[in-house]
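For reference, the structure is listed below as structure tokens.
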Amino acid sequence: MRAKTLLPIIAAAALTACGSVLDVPPTSSVPSELAINDAIGARAALAGAYAGLQAGGLYGQRIIVWTELASDNLRHTGTFDDYADADANRLRADNNAVGRIWNDMYNEINRVNQILKQVPALTDLTDAEKNEILGEAYFLRALAFHNVVKLWGETPLRLEPVTSAAQAGEITRSAVPATYTQILADLGQAKQLITAGRSQTRQASLGAVSAIEARVRLYNQDYAGAEAAAATVEGLGYSLATNFSDLFDATGNNTPEDIFRVTFTTTQSNAVGFYYLPKPLGGRYEVAPTTGAAGIIAAFDPASGGNIANYRPTDTRGIWSISRSGSRTYASKYRNPAGDEDIHVIRLGEVILIRAEALAQLNRLPEAVAEYNRLRVRAGLAPDPTIGLTQAGVLAAIARERRLELAFEGDRWPDLVRTGQVLAIGVPAQQALLPIPQAEIDVAPNITQNPGY
């Protein structure tokens, strides 16, 4: 990693303690050893780590929109070449979006590593606050490393802050199992140190830790562990939002389904809605829902044949998520072009689907169907029957429900890759993993490129 992208964005801020770390302005660029030398610096550094999730390569846009474009849910309608290449699955190592996601991800990891290295030595924090800061930092690192491994496979497992170009140039890639071991270890640390159960949704909580653990274990094919972690989340008292549309309110209102969200404001905004919405609604219309028999329009309304002129879904998720403006069909799940609404990282709807899939993989089929039926009922659909089941049929139904429930949220591409379905949509095998950015290889020659690039 280039030192300029991995040096932390942390600096001292003359602030008093606040009720929430998100009330503390994040730090700007000064040497980390000057930034985290007291409680004020620690709080500001953690706020900076949360602010790092707002980056354009992360939840500010690309990890949601650009990765979805690589799947069968979106098609390219704009002008950016790096988006056109994702749609055509002809990625190169110099793709700008790939580089942005990578750099923003490792920037975030480096911020968190600075916290984990320096906060333990501080003497002006209570043990309780120190543990909370460290627990949340472990959670954020686990989230970041999982986002990296699910997109690139073997990637650098950097656990110490990068402080020089020479140090950055020595990095090598780690095996996928080692990365998953570290992610789960970080989540285990977070679970021990964080005290908030589910009362906060814009910072890490025990509910968020278990939710991400469930996701991680599902990807790692630890189905018993995924089911147990998801059950833990459900036992904390979360409930589905009454209306699916409530989750994507333009003002970012709270719902009982929220588990962990990234905060955005008018001055620190995201570009998700901007990329999805057509120009008359304030967007740039860079991408649009896929048509045809295998597209997302047909997935929501099979009778339409993928033709928007015939699109009349009864599924409330389809009614909310795809709309028409003049001649433009657009993804309407995120309807705020200003981008000051909060973005879900994980919510109860996904946890329910994780648990359903884990139950199906454990061959507990009636329980799996009953689990995902909760989302079908919320969507205004009849529940699927729980008798006469086959494991393959239930898993296919869950894959369908994941596509509909999580459409346009950035989950479709990783789902296709982890389930081996990416080849079925015509993606070359060597494009299932993203290329390591060429700029990274140029300064870190020990990093080998993914096959096919």
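Pulled fully out, how much extra length does the chain show between Ala429 and Ala88, if you take 0.36 nm times their separation in residues and subtract their Cα-Cα distance?
Net length gain for the segment: 121.4 nm.
Where does each of 136-142, 71-77 land if you order them by average Cβ count within 10 Å, highest first?
Ranking, from highest mean packing down: 136-142, 71-77.
Please list, ordered by chain and number, the residues whose modelled amide H lies under 5 Å from the amide H of Ile436; skip anything fewer than 5 residues away on the same chain.
For Ile436, whose amide H was placed from the backbone, the distant partners under 5 Å are Asn450.
Could you check how much of the accessible area of the chain is carbon and sulfur, as a whole percent, using a 1.4 Å probe?
That share works out to 52 percent.
Find the relative contact order for region 59-177 and round it to a whole percent, using C-alpha pairs within less than 8 Å whose residues are 6+ positions apart.
Computed value for region 59-177: 20 percent relative contact order.
Please compute the Kirkwood hydrodynamic radius over region 109-208, one decimal place, Å, based on all pairs of different Cα atoms.
This gives a value of 14.3 Å.
Measure off 7 Å from each Cα along the Cα-to-Cβ vector at Asp127 and Gln221, then give the distance between these two points in nanometres to one decimal.
4.3 nm
Whole-Hz Karplus ³J(HN,Hα) for region 408-414, in order, using 6.51 cos²θ - 1.76 cosθ + 1.60 and θ = phi - 60°, x for Gly and Pro?
6, 9, x, 9, 5, 4, x
Ordering Lys333, Lys117, Lys191, Lys150 by how much accessible area each has at a 1.4 Å probe, largest first, what is the list?
Sorted descending by solvent-accessible area, the residues read Lys117, Lys191, Lys150, Lys333.
Report ³J(HN,Hα) in whole Hz for each residue of region 171-188, in order, from the Karplus equation J = 6.51 cos²θ - 1.76 cosθ + 1.60 where θ = phi - 60°; Gly and Pro get x.
Going residue by residue, I get 5, 10, 8, 10, 5, 4, x, 5, 5, 5, 4, 5, 4, 5, 5, 4, 5, x Hz, with x marking Gly and Pro.
Taking H as built 1.01 Å from N, whose amide H comes closer than 5 Å to the amide H of Ala196, not counting residues under 5 places away?
Leu206
Go from 0 up to the bin containing the longest alpha carbon distance in region 223-314, width 5 Å each, and give me the % of pairs per bin.
3, 11, 12, 12, 17, 17, 16, 10, 3, 0
Please give the helix 127-152 orientation as an angle from the longest Cα principal axis of the chain, in degrees from 0 to 90, rounded to the nearest 10.
50 degrees
Jot down the radius of gyration and Dmax of region 145-268, Cα atoms only, both in angstrom.
According to the Cα coordinates of region 145-268, Rg and Dmax are 17.1, 53 Å.
How many lysine pairs in the chain, separated by 8 or more positions in sequence or lying on different chains, have Cα atoms less than 23 Å apart?
Step by step, the pairs that qualify in the chain add up to 6.
Cβ neighbours within 10 Å, averaged per peptide: list 277-285, 250-258 in order, most packed at the top.
Averaged packing, sorted descending, gives the order 277-285, 250-258.
The values are calculated or read from the model by the stated rules, or taken from the named source; none is laboratory data. The shown structure was predicted, so the numbers you read here are calculated from the model rather than taken from an experiment. A quick note on method: Cβ atoms are made from the backbone with ideal geometry, for glycine too, and the neighbour counts reach across all protein chains shown. Just so you know, the surface numbers come from the protein's heavy atoms only, side chains and all, with ligands and any DNA or RNA stripped out. Shrake-Rupley method; radii C 1.70, N 1.55, O 1.52, S 1.80 Å.
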